[in-house]
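Each remark here refers to the structure printed beneath this line.
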Amino acid sequence: MTTPHADTRRRSTLRRLTADPQAVVSASLLAVIVLLGLLAPVLTSHGANEANLDAVNAGAGDHGYLLGGDKSGRDIFARLLFSINTSVVSALIGTSIALAIGITSGLVGGYFGRRVRGVAEWVFSLIMTFPGLLLLIVLMPVTKGDYKATMVVFGVLLSPGIYRLVRNLVLGVKNELYVDAARVSGLPDRRILRRHVLTVVRGPVIIATAFLAGSSIAVQSGLAFLGVGSNTVPSFGAMISDGFTNLYEEPLQFLWPSLALGIITASLVLLGNALRDALEGGRPKPARIVTATTYRAPATEGTVSGLLTVDDLAIAYPTPTGELKEVVSGVTLSVAAGETLGLVGESGSGKTQTAFAALGVLPAEAVVTRGSIRLDGRELLGLSERELRAVRGTSIAYVPQEPMSNLDPSCTVGAQLVEGVRAATPMSRGEARDRVLALLARVGIPEPERTFRSYPHQISGGMAQRVLIAGAVASRPLLLIADEPTTALDVTVQAEILDLLRDLRRELNMAVLLVTHNFGVVADICDRVAVMREGTVVETGTTEELFATPRHPYTRTLLDSILDETTLRTDPPATPAGALETEKR
Amino acid sequence: MTTLLEVSDLRVTYPGRGFRARSHEVLHGVSLTVGQSETLGVVGESGSGKTTIGRAVLGLVAPSGGTVRFQGNDITRAGRAERRALARDIQVVFQDPYSSLNPALTIGDILGEPLIVQGSGTSEARRRVAELLDQVGLPKDASQRLPREFSGGQRQRVAIARALAPAPRLIVCDEPVSALDLTTQARVLDLLVDIQRRTGVAYLFISHDLAVIRHVSHRVSVIHRGDIVETGTAGQVTTAPEHPYTQRLLLAAPVADPAEQRRRREARQRL
């Protein structure tokens, strides 16, 4: 079932590939080389093993030998062309065997239960313990020196790499909800594997294939160079070996096969990299076309006053086509000392962008096109990273949405807090430790000593948020910016965290800018509210005013969407008559 | 009202990680029923085991004890073939509309696939897909597009359409609106209620949000650390709960009214 859209998707991958010079050059080189190999019988009248004693070490062009003859009097050009075919066949056999075994067992091992995976794991680990090249040499009596049989064995030796790749991808995708949904839809496992799992595996496997082909060719040549296997098979390895013994007399004999082998393997690796960029890299990163220098702070004092004043702030992001798209367009708001301002809006309204701008942590590609952000009268936009760091450490603090992902899992909670405290105010380790313990006790952690020594995964989400709040208020900031600080928490924990924020604000006379989408949280803790929509503030007012008499229609829509006591469902379950419809299927 | 789903004394144990690690029981004997065309809300906090109930009903986790009966048949340990047959009757809407739709398939393929597997012809499936899109309020041309072209709310509509495809009797809704914006949330809930009125499908509706539960449920069960602590009508459980945990839960949820919220906060702090 292909649809026009699936086609455009595929075409766009192809277009990305054709736009990448690395892909175009390496793919064309490979295509030309393969073509030369296929046309070998036409391009040369000499066989690969056809020796002419008169042409021993013949110069280029002699006896109709385009690149001369080797030490046995064979046509170097013809041998090069026929060696290409050997390499191509080696690559095809090695990769197809590795892919067939690796993908099949990777899908099975990843998708089905632990027991099947255990067996697959054990078998492939065993294969990996074999020393590859040595085994191929030892097996020569079995393969009878035939390079094709050798490549079959090598394919098996390569398969664990593919198996592991596929297995990991499948394990990742197996827990995706859409695979669960497919199972609930009654799809047989075979179909789920083909439709939902294989599509995810495809990209990385294509990339790995390019590298597998490269290593198959390299191993085949390596064995031939060592003289293992039949010496009647034309091969770059055998040619390099011949040229090597003749290096001082005819160095060119060594050069040609090395060059050909080098170009082939390099092209495969480069093509693999280009494929990776096209399949996994996603869209090309937008170019950073505007820098901070285009930003001009307004000469006049802003129209708003307060501890934090944001005046006509606009933030834009470059699109892939190179234009700027505004996500925040002219936001004006202010927070007074000791006040809590709720910044409310739906996803994409620009509320988090506004908060990040005040913190000075917008992503590198973001562009502040106009406006001003002042803290206590000082302009923050245009400050250097170093100056900003000083402001962030002491005057502005931040509490994030996801407490867990904002703690370093490899350090203890205490170590992280001590580091932060000492960065803001220089003090001895012991002093910092005492200060952190006092802070942990202050934010309501029952056993500060134990939490101090704990790693983040040993504490709950609510405790982690308390820890981050402790770190945020350590330097008694003027302003605390909290971005959805309770969204990831349970309601009972949320209530405790809001209580804590309320107490700390009173105690430290700290201003709080609270970004949230939850009107319950707003009603609980905010003095004033600014409602954002599509990058602008549509309404600002005190919390009481806003809930009682919303002025802007959008605010009214938002307030009407709130599910509260009045929205209790009262209609009884549908009558059997209404339920009849299900019988009609 | 006839009982559609009956879960009794359900226990689920997750194996511990690592060698000889102790296993961990997340449901300690949960019992509940869902009647025909009824919504049973299951409310609980993270880690309470509420999602596991849904997954056990769907056959995505194997219970270690107890039974799950659907229309009188024991489906606790239904085999693959039996599960595939059950797919006609029991469906699911997951929480995250971003990861519950395969990004590589068009909406038409996502909705049509289960129909074709269940034995519909291609043209019949296409007709049904159009019907489903209409039912959830999406434009007809949606079937040609990929999930990434839709907003969160629209994607959740697609997920609902997929659940409705085989005209099931029961849909397990696992936090279907908690990833959505406020305005979208209300619209999706209204859609779910509306569909129930029209088709008579029953919902096992799982959520952490009492306000959402209250909006869609006829009856509500409260789950706390793997045990159901209270079950009753939506009005009773969500306005005058008996169990102290439910009372705490109710008082902790902030209401969008500054004066009322202040009163609640004080009540909670006294508790």
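DSSP beta bridges in the protein assembly as shown, what fraction antiparallel, as a percent rounded to 5?
Of the beta bridges lying entirely in the protein assembly as shown, close to 55 percent run antiparallel.
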Quiz item: Suppose every K and R has +1 on its Cβ and every D and E has -1 on its Cβ; what is the size of the dipole of region A:149-221 about the Cα centre, in Debye to the nearest 20?
Solution: 180
Quiz item: On the first, second and third principal axes, largest extent first, how far apart are the outermost C-alpha atoms of region B:100-165 in Å?
Solution: 31, 23, 19
Practice problem: With the convex hull built on the Cα atoms of chain B, state its orientation-averaged projected area in nm². | Solution: 16.4
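Normalise the Cα radius of gyration of the protein assembly as shown by 2.2 N^0.38 Å (N = residues in it) and let me know the number.
Values: Rg = 33.6 Å, N = 856, 2.2 N^0.38 = 28.6 Å.
Computed over Cα atoms of the protein assembly as shown, the ratio equals 1.17.
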Exercise. Provide Rg and Dmax in Å for region A:89-185, with only Cα atoms included in the calculation.
Key: 16.1, 53
Quiz item: How large is ³J(HN,Hα) for each residue in region A:185-199, as worked out from phi by the Karplus curve 6.51 cos²θ - 1.76 cosθ + 1.60 (θ = phi - 60°), to whole Hz, x for Gly and Pro?
Solution: 6, x, 6, x, 3, 4, 5, 4, 4, 6, 7, 9, 9, 4, 4
Quiz item: In whole angstrom, and with the biggest value first, how far do the Cα coordinates of region A:303-562 range along each principal axis?
Solution: 52, 40, 35
Practice problem: Give the long-range amide H neighbours of B:G65: residues separated by 5 or more places, or on another chain, with amide H under 5 Å away, using H modelled in the peptide plane at 1.01 Å from N. | Solution: B:R11
Self-check item: Averaged over B:173-183, number of beta-carbon atoms from partner chains that fall within 10 Å
Solution: 3
Quiz item: Going by a ≥ b ≥ c, the root eigenvalues of the Cα gyration tensor, does region A:184-249 fall in the rounded group (a/c under 1.5), the prolate group (a/b larger than b/c) or the oblate group?
Solution: prolate
Quiz prompt | Rounded to 10°, Cα long-axis angle of helix A:491-508 versus longest principal axis of chain A | solution = 60
Quiz prompt | Whole-Hz ³J(HN,Hα) from phi, Karplus 6.51 cos²θ - 1.76 cosθ + 1.60, for region A:466-478, glycine and proline x | solution = 4, 4, 5, 5, 4, x, 5, 8, 4, 9, 6, x, 6
Practice problem: List every residue whose amide H lies under 5 Å from the amide H of B:Y203, counting only residues 5 or more places away in sequence or on a different chain, with H placed 1.01 Å from N in the peptide plane. | Solution: B:E38, B:T39, B:L40, B:I171
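Dividing the alpha-carbon radius of gyration of region A:400-447 by 2.2 N^0.38 Å (N being the number of residues), what value is obtained?
Working: Rg = 11.3 Å, N = 48, 2.2 N^0.38 = 9.6 Å.
Rounded to two decimals, the normalised Rg is 1.18.
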Quiz item: Of the beta bridges DSSP finds with both residues in chain B, what % are antiparallel, to the nearest 5?
Solution: 55
Quiz item: Taking Cα atoms, how many degrees apart are the long axis of helix B:182-199 and the longest axis of chain B, rounded to 10 and kept between 0 and 90?
Solution: 70
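Let me have the relative contact order for chain A, percent, based on Cα pairs under 8 Å that are six or more residues apart.
11
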Exercise. Starting from the Kirkwood radius over alpha-carbon pairs of region A:412-526, derive D by Stokes-Einstein at 37 °C in a medium of 0.692 mPa s and give it in µm² s⁻¹.
Key: 226
Quiz item: Can you sort A:V512, B:V42 by how many other beta carbons sit within 10 Å, fewest first?
Solution: A:V512, B:V42
Practice problem: State, as an integer percentage, the relative contact order of region A:363-434 based on alpha-carbon contacts under 8 Å between residues 6 or more apart. | Solution: 17
Quiz prompt | Partner aspartates and glutamates for B:K50 [C-alpha distance under 14 Å; skip if fewer than 8 residues away on the same chain] | solution = A:D490, B:E25, B:D174, B:E175, B:D209, B:D227, B:E230
Quiz item: In Å, what is the Rg of the alpha-carbon atoms in region B:41-192, and how long is Dmax?
Solution: 15.9, 47
Quiz prompt | Extended-chain gain in nm, criterion 0.36 nm per residue less alpha-carbon gap, A:L508 and A:K71 | solution = 148.3 nm
Quiz item: Convex hull over the alpha-carbon atoms of region B:160-249: what's its volume per residue in Å³?
Solution: 108
Quiz item: What is the fewest-to-most order of A:I481, B:I75, A:I445, A:I137 by other Cβ atoms lying within 10 Å of their Cβ?
Solution: A:I137, B:I75, A:I445, A:I481
Quiz item: By counting other Cβ atoms within 10 Å of each Cβ, how are A:V436, A:V327 ranked from fewest to most?
Solution: A:V327, A:V436
Quiz item: What residues qualify as long-range amide H neighbours of B:I228, i.e. H under 5 Å apart, gap of 5 or more or another chain, H built at 1.01 Å from N?
Solution: B:S31
Quiz item: Where both residues lie in region A:303-562, what percent of DSSP beta bridges are antiparallel, nearest 5?
Solution: 55
Quiz item: Nearest 20 debye, what's the magnitude of the dipole of the protein assembly as shown about its Cα centre given +1 on Lys and Arg Cβ and -1 on Asp and Glu Cβ?
Solution: 1460
Self-check item: Mean Cβ count within 10 Å, highest first, over the residues of peptides A:522-528, A:391-397
Solution: A:522-528, A:391-397
Self-check item: Helix-only CD estimate at 222 nm, as mean residue ellipticity for chain A, using -39500 (n - 2.57) per DSSP H run (n ≥ 4)
Solution: -17500 deg cm²/dmol
Quiz item: So what are region B:67-112's ellipsoid semi-axes, whole angstrom, largest first, if each one is the square root of 5 times an eigenvalue of the alpha-carbon gyration tensor?
Solution: 27, 12, 9
Quiz item: Relative contact order for region B:1-130: what is it in percent, counting Cα pairs under 8 Å that are at least 6 residues apart?
Solution: 22
Quiz prompt | Angle between chain B longest axis and helix B:107-117 axis [Cα atoms, degrees, rounded to 10] | solution = 80
Quiz item: Quick one: Karplus J couplings for region A:542-558, per residue in order, coefficients 6.51, -1.76, 1.60, θ = phi - 60°, nearest Hz, x for Gly and Pro?
Solution: 5, 4, 4, 4, 4, 6, 7, 9, x, 8, 7, x, 5, 4, 5, 4, 4
Exercise. Of the listed pairs A:K174/A:K351; A:K71/A:K148; A:K71/A:K144, which have alpha-carbon separations greater than 31 Å here?
Key: A:K174/A:K351
Self-check item: Exercise: per-residue mean of other protein chain Cβ atoms within 10 Å, A:510-518
Solution: 1
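Each value in this text was obtained by applying a stated rule to the coordinates, not by laboratory testing. If you're wondering where the values come from, they're calculated on a predicted model, not measured in any experiment. All Cβ positions, even for glycine, are placed from backbone atoms using ideal geometry, and neighbour counts span all protein chains on display.
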